[in-house]
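*Asks:* Handing you a structure now.
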Amino acid sequence: MMRVCLLGFLMFALPLQAQETPQVLGYGVRSCEHYNDVFEGWENGQAEQIAEYLHYRDWLTGLVTGLSLATATDVLKGVEVKGAMRRIQVYCDEHPTDDFFTATMDLIRILSGLK
């Protein structure tokens, strides 16, 4: 049943980009290109980029907490947040014009076996 709920949410989330008024707020609307720059700065210990990385991480944890509570399942399937951030960075390397939300949902779909 929970898988059906998650599938329903994920199917609804796919067309969000086509809507006139975006429903994604905060760091989710930021570009993958920006996240790549931030991730690189975080890895290099740049204080300003570390702060930005923490904002992305906080946005991600809020989203996955909400989804996990709404579906009564661990949408990250036991993957640590740091690992999720790294996997999102890999996605963003391959899709720099996508946004952080799209990269995050791609990871959640993969982990849920829906992709």
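*Asks:* Across the stretch 72-94, what is the number of residues that are within 19 Å of TYR53 (Cβ to Cβ) and either part of a loop (DSSP other than H, G, I, E, B) or among the charged types (D, E, K, R) (or both)?
*Replies:* From the stretch 72-94, those within 19 Å of TYR53 (Cβ to Cβ) are 76, 79-93; that's our starting set.
Then keep just the ones that are either part of a loop (DSSP other than H, G, I, E, B) or among the charged types (D, E, K, R) (or both); that gives 76, 79-80, 82, 86-87, 93.
Within the stretch 72-94, residues that are within 19 Å of TYR53 (Cβ to Cβ) and either part of a loop (DSSP other than H, G, I, E, B) or among the charged types (D, E, K, R) (or both) number 7.
*Asks:* Just name the residue that is nearest to VAL38 (Cα to Cα) out of those in the stretch 64-115 that are acidic (Asp, Glu) and open to solvent by less than 50 Å² (accessible area, probe 1.4 Å). Talk me through it step by step, then tell me what you get.
*Replies:* Taking the stretch 64-115 as the starting set, the residues that turn out to be acidic (Asp, Glu) are 74, 80, 93-94, 98-99, 106.
Remaining after also requiring open to solvent by less than 50 Å² (accessible area, probe 1.4 Å): 98-99, 106.
Working: ASP98: 15, ASP99: 14, ASP106: 20 Å.
Checking each candidate, the answer is ASP99.
*Asks:* Which of the residues spanning the stretch 76-115 are of a type in the set (Val, Ile, Thr) and free of Cβ contacts under 8 Å to residues at least 60 places away in the same chain? Before the answer, list the steps.
*Replies:* Here is the first cut: in the stretch 76-115, the ones of a type in the set (Val, Ile, Thr) are 79, 81, 88, 90, 97, 102, 104, 108, 110.
Matches in the stretch 76-115: VAL79, VAL81, ILE88, VAL90, ILE110.
*Asks:* Of all the residues that make up the stretch 61-93, how many are acidic (Asp, Glu) and under 19 Å from TRP42 (Cβ atoms)?
*Replies:* Taking the stretch 61-93 and keeping what is acidic (Asp, Glu), we get 74, 80, 93.
So of that shortlist, the ones also under 19 Å from TRP42 (Cβ atoms) come out as 80, 93.
Qualifying residue count, the stretch 61-93: 2.
*Asks:* Further question on the same structure: Has the stretch 25-45 got any residue that is touching a His at 6+ places or on another chain (Cβ under 7 Å) and in a helix (DSSP H, G or I)?
*Replies:* From the stretch 25-45, those touching a His at 6+ places or on another chain (Cβ under 7 Å) are 27, 32; that's our starting set.
After this cut, where a residue has to be in a helix (DSSP H, G or I) as well, the list is 27, 32.
The answer is yes, given that some residue of the stretch 25-45 is touching a His at 6+ places or on another chain (Cβ under 7 Å) and in a helix (DSSP H, G or I).
The values are calculated or read from the model by the stated rules, or taken from the named source; none is laboratory data. Every value quoted in this text rests on a predicted model; they were computed, and no experiment measured them. Here the Cβ is made from the backbone with ideal geometry for all residues, glycine too, and neighbour counts use every protein chain on show. Areas reflect the complete protein model, heavy atoms only, side chains present, ligands, DNA and RNA absent. Shrake-Rupley method; radii C 1.70, N 1.55, O 1.52, S 1.80 Å.
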